[in-house]
Amino acid sequence: MKKLVLAIVTGAAVVAAALIPSGPPVVAAAPGFGSAVSAIKQTSWQTNNSVNTLAIAGNTVFAGGLFTRIRPPGKAAGQGEVVRTYVAAFDRTTGAPTTFAPTLNGPVYSIATSPDGKWVVIGGDFTVANGLKRSKIAMYSTVTGRIVQAWNPVVAARVKALAISGSTVYIGGAFGRVDGQTRNRLAAVRLLYGDLTAWNPNANKDVYAIDVSDNGTRVFVGGPFSTINGKDHYSLAMVNTTTGAAYSMPAAAAIPKPTATCTTRVKDIDTLGDKVFVSNGGDGSGCYDGVLAANATSGELLWQNKCLGATEAIKAIGNWVYKGSHAHNCSSSGAFGDGTGTHYLLVESGIDGKLGPWFPNTDANPNSTTKVGPLAMAGTNTDLWVGGDFLHVNNAVQQGLARFTNTPGGAYPAKPKAPTLTSTTANQVRVAFNDVYDVDNLTLTYNVFRGSTNVGSYKYVSYYWEKRKLYSMVDTGVKSGQTVTYHIEVHDGRNIVKGPSVSIKVK
């Protein structure tokens with residue numbers, strides 16, 4: 001996907017010899033909405049509590065968390081609820097629940113699906129699954145929805161992170177033993193049999209995130225740990241898929257080690273192609289909360305975004321990295337600063353980390369245990385699912401789960417105001433107009449109409465959190481004594497919004 005220019009600079013673009021416009025220069029506009037998915041929320045069911053984790057297999061989305069009920073879209077809490085104990089599945093096309101309904105006795109914190117889509121592994125705090133003893137982890141058939149009775153690893157404490165690559169299930173969390181053998185916070189079992197492998201990176205503190213490179217040669221792990229196999233690897237490590245030995249990962253040096261005023265740790269990891277993307281959340285004013293990208297083989301740092309407001313979840317789709325955070329200040333990246341509110345959902349360019357054209361939003365449930373908003377993401381080239389502790393999406397009731405897609409249409413630009421007209425020189429009218437914003441696009445086309453004649457067309461970049469900017473052009477195609485009428489139409493590549501008209505008598 002073509003990357004947009006994200007910086008506004010001064011200058012002007014003339015589209016006809018008779019026009020004398022003022023304002024920033026034309027920048028390339030992407031057709032339709034600029035990101036892989038639109039900011040428009042699509043229909044999906046909701047949950048009655050936080051969604052901690054999401055995974056996709058085929059046309060099914062699996063969600064796990066603290067919830068015990070799900071309900072239809074638009075319904076208030078308690079209305080139309082259906083029982084789902086800590087895990088549920090939804091149709092990717094409609095957002096409606098499937099019949100998949102395991103019964104667990106404790107929360108779910110991690111879900112992973114097998115590469116062939118046949119199996120889903122669930123991890124968390126539970127000790128019973130579908131009436132069977134299960135110690136923090138269980139596997140189900142995605143076809144039948146039944147638990148796999150012979151698959152029964154015994155994990156001593158919370159399973160916080162899961163990843164499946166080939167025939168191996170990688171496990172991260174708070175545990176110290178698996179199947180009675182020492183495995184400090186990291187372990188691996190075989191996918192089909194559940195038996196423990198020799199993989200043993202030995203993290204000294206909890207693991208929050210795991211992912212495997214797309215070529216299957218590296219496992220990336222993150223969390224509040226400071227050592228892997230007794231060697232210094234603070235919060236992020238790249239390890240061998242068989243031995244668990246840690247490789248050198250230069251990008252990890254971009255994550256600051258704890259100080260008296262800042263402790264940051266990796267919250268999520270996502271790999272795509274030859275890149276790995278890593279998000280952090282920190283404690284302390286100005287502590288690192290951002291996202292970095294690294295080469296998935298060499299571990300070299302490619303870019304780093306230092307927006308403030310912990311980034312709990314990320315998902316890479318094409319050339320974009322979607323992030324769920326409670327970002328409140330991205331001035332270090334040339335974007336919004338404090339005072340513009342909390343931006344719970346954003347997208348960054350996978351190429352350079354700059355903010356891109358996608359601005360839906362959620363809130364955070366003040367009564368939840370986390371109170372941070374989005375907590376999990378999963379997606380494909382055509383859709384993005386977001387889970388968390390939120391109660392609203394785009395100011396509409398939608399608890400715990402949201403769905404965004406690339407369905408044609410997308411968001412409309414805001415309606416432009418009537419232009420301001422002045423005529424102080426013979427045979428000329430100056431037309432001044434304010435920009436608007438679109439939550440799917442940064443670059444919008446502004447068409448200036450005199451009656452039904454388009455007398456000027458300009459492309460400008462605008463962000464919704466900015467104070468609206470004023471642009472102007474001079475129409476010299478008029479004659480003294482005429483009364484002429486102007487209006488502005490804003491075009492985002494798919495949708496056109498027409499503003500009100502206003503008239504003036506030419507000097």
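The values are calculated or read from the model by the stated rules, or taken from the named source; none is laboratory data. Remember, predicted model here, so these are calculated numbers, not experimental data. Counting neighbours? That spans all protein chains shown, and the Cβs are built from the backbone with ideal geometry, glycine included. Only protein heavy atoms, including side chains, enter the accessible area calculation; ligands, DNA and RNA are left aside. Shrake-Rupley method; radii C 1.70, N 1.55, O 1.52, S 1.80 Å.
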Inset, instruction - Starting from the Cα of Ala150, step 7 Å along the direction of its Cβ; do the same at Thr342; then give the gap between the two resulting points in nm. - result: 4.8
Inset, instruction - Hey, can you grab everything whose amide H is under 5 Å from the amide H of Thr227? Only 5+ residues off in sequence or another chain; H modelled, so Pro and N-termini drop out. - result: Asn204, Lys205, His233
Inset, instruction - Kindly identify region 173-253 as rounded, prolate or oblate by the Cα gyration tensor criterion: order the square roots of the eigenvalues as a ≥ b ≥ c, call it rounded if a/c is under 1.5, otherwise compare a/b with b/c, prolate if a/b is larger, else oblate. - result: oblate
Legend entry - Extension gain, Ala396 back to Asn130 (0.36 nm per residue minus Cα-Cα distance, nm): 92.3 nm
Inset, instruction - Could you please put Ser298, Ser279, Ser165 in sequence from largest to smallest accessible area, using a 1.4 Å probe? - result: Ser298, Ser165, Ser279
Inset, instruction - Please get the size of the charge dipole for the chain, origin at its Cα centre, with Cβ charges of +1 on Lys and Arg and -1 on Asp and Glu, quoted in debye to the nearest 20. - result: 660
Inset, instruction - Provide, for region 188-318, the number of lysine pairs with alpha carbons under 14 Å apart, each pair being eight or more places apart or on different chains. - result: 4
Inset, instruction - On the full set of protein chains, 1.4 Å probe, figure out the accessible area of Asp338 and give it in Å² to the nearest 10. - result: 100
Inset, instruction - Along Cα→Cβ, 7 Å out, is where each label goes; now give me the distance between the ones at Lys231 and Gln79 in nm to one decimal. - result: 5.8
Legend entry - Extension gain, Ser501 back to Thr98 (0.36 nm per residue minus Cα-Cα distance, nm): 140.0 nm
Legend entry - Cβ-placed point charges (K, R +1; D, E -1), dipole of region 163-233 about Cα centre in debye, nearest 20: 160
Inset, instruction - Take the alpha carbon gyration tensor of region 109-227, find the square roots of its eigenvalues, order them as a ≥ b ≥ c, and report rounded if a/c is under 1.5; if not, report prolate when a/b exceeds b/c, else oblate. - result: oblate
Legend entry - Calculated FRET value between Thr453 and Thr407, using beta carbons and R₀ = 41 Å, to 0.05: 0.75
Legend entry - Potential lengthening between Asn215 and Leu192 on full extension [0.36 nm per residue; Cα-Cα distance subtracted]: 6.2 nm
Inset, instruction - Determine the share of region 411-455's accessible area contributed by carbon and sulfur atoms, expressed in whole percent, with a 1.4 angstrom probe. - result: 47
Inset, instruction - Quick one: pull the percent of accessible area on region 307-387 belonging to carbon and sulfur, 1.4 Å probe, ligands and nucleic acids left out. - result: 47
Legend entry - Calculated from backbone phi, Karplus (6.51, -1.76, 1.60) coupling profile of region 180-186 in Hz, x at Gly/Pro: x, 9, 5, 8, 7, 6, 9
Legend entry - Phi-based couplings in Hz for region 433-450 (Karplus 6.51, -1.76, 1.60; Gly and Pro marked x): 8, 8, 6, 10, 10, 9, 6, 10, 9, 8, 9, 10, 9, 10, 9, 9, 10, 9
Legend entry - Accessible area of the chain divided out per residue, in Å², using a probe of 1.4 angstrom: 38
Legend entry - Asn367 versus Lys417: modelled label distance in nm, points set 7 Å from Cα along the beta carbon direction: 4.0
Legend entry - Furthest towards positive pole of dipole, Met377, Gly124, Ile496, structure part the chain, Cβ charges: Ile496
Inset, instruction - Could you rank Glu348, Glu81 by how accessible they are, 1.4 Å probe, largest area first? - result: Glu81, Glu348
Legend entry - Charge dipole magnitude, Cβ of K and R +1, D and E -1 - region 307-377, Cα centre, debye nearest 20: 100
Legend entry - Heavy-atom accessible area ranking, 1.4 Å probe, most first, across Lys415, Lys459: Lys415, Lys459
Legend entry - Charge context of Phe100, other residues only, Cβ under 14 angstrom, K/R +1, D/E -1: +3
